[in-house]
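A short write-up of the structure that comes next.
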Amino acid sequence: MQANPTLDQLQVLLAVAETGSFSAAGRKLNRAQSVISYTIANLEAQLGVKLFEREGTREPQLTEMGKAVLEDARRMSGVLQRIRSRVEHHARGLESEVALSIDVTLPAPVLIAVLKAFEAKFPTVTLRLSVGTLGLIVDQVVKGEADIGVGGITDADVRLIEIGDVTLVPVAAPDHPLARLKRTVAQEELRDHVQLVVIDQSRRTAGKDFGVFAYRTWRLTDMHTKHLMLRSGVGWGSLPPWMIADDLAQGRLVELELESFSKARGPLYAMHRNDRNPGPAASWLIGEFKQHLGCFNEYAPDEVLAKEHSPLAAR
């Protein structure tokens, strides 16, 4: 029965391959050349293959099998380094995993930028991401299913940290009756046109409507479907500017000027349970979301994010 290679043998193999010779590998590992040669010979005997061609060459050359084994050795060494790093970070209080729950209105460019930076900053921390709406974010934080949440609902016993704001714009397809009016739309005129509204999948806001003006409403569970339906001409409703910038520019959607409101802006919060302080990685995420949201809003086009309006409108 063949013995498994040891990590020490694989590290010697890597050193020889990287330095190009047994003597250089010995100097790198602070070992005698004879020990390096003996270790490689034992590894070859255990595997039953020749890893280096020694005859007829000034320096040992990897065989084809040696090149394949070298790639495996590199992967195993990388795993070992990650294990060591994870244990060291844990000893310093760094989380092994962060569960994040975000509202769908959080700008996707901000989310992607923050998560890319998170991956580079905390390579040993696993991220678990949930995307929802309204009270679902709070519920997951309260139940301990999420370490931190990002959303706009505040009626819960959680610690809130304001990190920015979110804007929603009322839109419809260009051939929708409201879009064809080409003027400010009175609230009475909205009543008989289907309004698309994203509903709360939790029970936290049961019986509450936010910015609902129409008698006829279609309730949806996700923003993506709402977006597609609005572009197809089914109903009217509000969407975040970052989501519809291309649609507005290409004429696939038209911004509605409504008598009751035009754009609606409301605060966005990071939140965590009062009895659980976020760890280093979670705290870093909160700070990065705040910074990126500030930059995102600051440099967004004026026609999209310029005006301040009270309460966040219909989703």
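Tabulated results
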| item | result |
| --- | --- |
| Test set (1) over 30 Å from residue 119 (Cα atoms); (2) modelled with pLDDT of 85 or more; (3) out of contact with any Pro (no Cβ under 6 Å at 6 or more places or on another chain) - residue 52 fails condition number | (3) |
| Top-ranked residue in segment 1-46 [being hydrophobic (A, V, I, L, M, F, W, C) and in a loop (DSSP other than H, G, I, E, B); ranked as surrounded by the most Cβ atoms within 10 Å (Cβ to Cβ)] | 32 |
| Every residue from segment 51-72 that is surrounded by fewer than 13 Cβ atoms within 10 Å (Cβ to Cβ) and closer than 17 Å to residue 5 by Cβ | 67, 71, 72 |
| Residue in segment 167-187 that is of a type in the set (S, T, N, Q) and touching a strand residue (DSSP E or B) at 6+ places or on another chain (Cβ under 6 Å) present | yes |
| Selection from segment 117-161 of residues that are part of a loop (DSSP other than H, G, I, E, B) and within 25 Å of residue 94 (Cα to Cα) | 122, 123, 124, 125, 143, 144, 145, 146, 147 |
| Subset of segment 52-71 (residues that are over 16 Å from residue 39 (Cβ atoms) and assigned to a strand (DSSP E or B)) | 53, 61 |
| Residues satisfying the stated conditions in segment 251-305, i.e. surrounded by fewer than 16 Cβ atoms within 10 Å (Cβ to Cβ), part of a loop (DSSP other than H, G, I, E, B) and modelled with pLDDT under 90 | 257, 259, 260, 262, 274, 275, 276, 277, 301 |
| Count of segment 46-67 residues which are closer than 20 Å to residue 8 by Cα and without any contact (Cβ under 8 Å) to a residue 12 or more places away in the chain | 1 |
| Within segment 118-140, considering residues that are small (Gly, Ala, Ser) and surrounded by fewer than 18 Cβ atoms within 10 Å (Cβ to Cβ), the one farthest from residue 104 (Cα to Cα) | 120 |
| Filter result for residue 228 (in contact with a helix residue (DSSP H, G or I) (Cβ under 9 Å, 6 or more places away or on another chain), at pLDDT 90 or above and either assigned to a loop (DSSP other than H, G, I, E, B) or of a type outside the set (Asp, Glu) (or both)) | no |
| Count of residues meeting criterion [under 25 Å from residue 160 (Cβ atoms) and hydrophobic (A, V, I, L, M, F, W, C)] in segment 240-286 | 12 |
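The values are calculated or read from the model by the stated rules, or taken from the named source; none is laboratory data. Not measured: the values here are computed from a predicted model. Please note: Cβ atoms are built from the backbone with ideal geometry, for glycine as well, and neighbour counts cover all protein chains shown.
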